[in-house]
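First comes the structure, then the notes that go with it.
What follows is calculated from the coordinates using simple rules that are stated; it is not laboratory data. Everything numeric in this text was worked out from a predicted model, so none of it was measured. So basically every Cβ, Gly included, is an ideal-geometry build from the backbone, and we count neighbours across all protein chains shown.
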């Protein structure tokens, strides 16, 4: 069935043997393409910025969402497709994602709201150190010393980023996500050629919340863990964190597992959206090597609306890129 897909990135990664290119890494805060810097000069008083007139009227593009397979009859190929193309199964989402940064003790917390069809999103990104990360919650690390704390808004074509740790801000026009009807078969998303070289094609992430992509659009994990159907099993269909999920256990292939230091993987995958609800990876000694925990995941009519920037720059914050000397 023809689906409306986000335009695919024309990125083909040459991998040595298997899917070795998918390394776990800490995502840096991305900055979108900007057509114009529209920020005000920094002041010593809280300042209300005048929101600019967007150059062109924003078009809300209706989306034809795909229907998830019946969990009771879904086969492994259906589950792989669901996870590989999760953004086709929802339009709005909100929640909290917790996962490691440079080590399992350096923890990222991302609270997000997104509306793909409207092109709007908000997320707060923070980072802190924890002694024992397994099964941590956002509440359990409240009051921790934050190494990062940043609010990012995409509202009606305007991008605003406020970095509370650096006391800097930026605002400008953002580039709308592009939708197309191009369909990339799963067999072309990841395959191994006749010489044993793996190739992958990543689709563009339309959520504007890249720091939550491990949950909302974990296509890299799908290719890394689920492309070989002989290496994983669905143990049950059960509820986890308020979502009906496929409970999946497996082992990565030898090359991928060695590169990531991972021997076993366990995950809970949402049956309706293909989003990653809970995930842990361990080494051969049972030590935690990677994880992802979520809280209050909600989609479409149940999702929180996207927060809007109130136009106020905090006191003593300076524009990013300005000379503070």
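If each residue of separation counts as 0.36 nm, what is the full-extension length gain between residue 238 and residue 137 once their alpha-carbon separation is subtracted?
34.3 nm
Points 7 angstrom from Cα along the Cβ direction at residue 175 and residue 231: gap in nanometres?
The two pseudo-label positions are separated by 3.3 nm.
How far apart, in nm, are the 7 Å Cα→Cβ label points at residue 247 and residue 167?
My value for the distance between the label points is 5.0 nm.
Rounded, prolate or oblate: which fits segment 114-170 when a ≥ b ≥ c are the square roots of the eigenvalues of the alpha-carbon gyration tensor, with rounded for a/c under 1.5 and prolate only if a/b beats b/c?
oblate
Which of rounded, prolate or oblate describes segment 117-222 when judged by the alpha-carbon gyration tensor and an a/c cut-off of 1.5?
Oblate shape, in that a/c is at least 1.5 and b/c is the bigger or equal ratio.
If one computes the Cα centroid of segment 262-325 and of segment 70-149, what distance in Å separates the two points?
So the separation of the two Cα centres works out to 3 Å.
Using per-residue counts of other Cβ atoms within 10 Å, averaged over each peptide, order 306-314, 276-284 from highest down.
So the order, starting with the most tightly packed, is 276-284, 306-314.
Hey, rough spin-label estimate for residue 106 and residue 183, points 7 angstrom out along Cα→Cβ, what's it come to in nanometres?
Output for this residue pair reads 4.3 nm.
Hey, for a label at residue 78 modelled as a point 7 Å past Cα toward Cβ, could you say which residues of segment 250-271 have their backbone N under 16 Å away?
269-271
Given R₀ = 45 Å, FRET efficiency for residue 147-residue 199 by Cβ-Cβ distance, to 0.05?
Step by step, r from the Cβ atoms, then E = 0.75.
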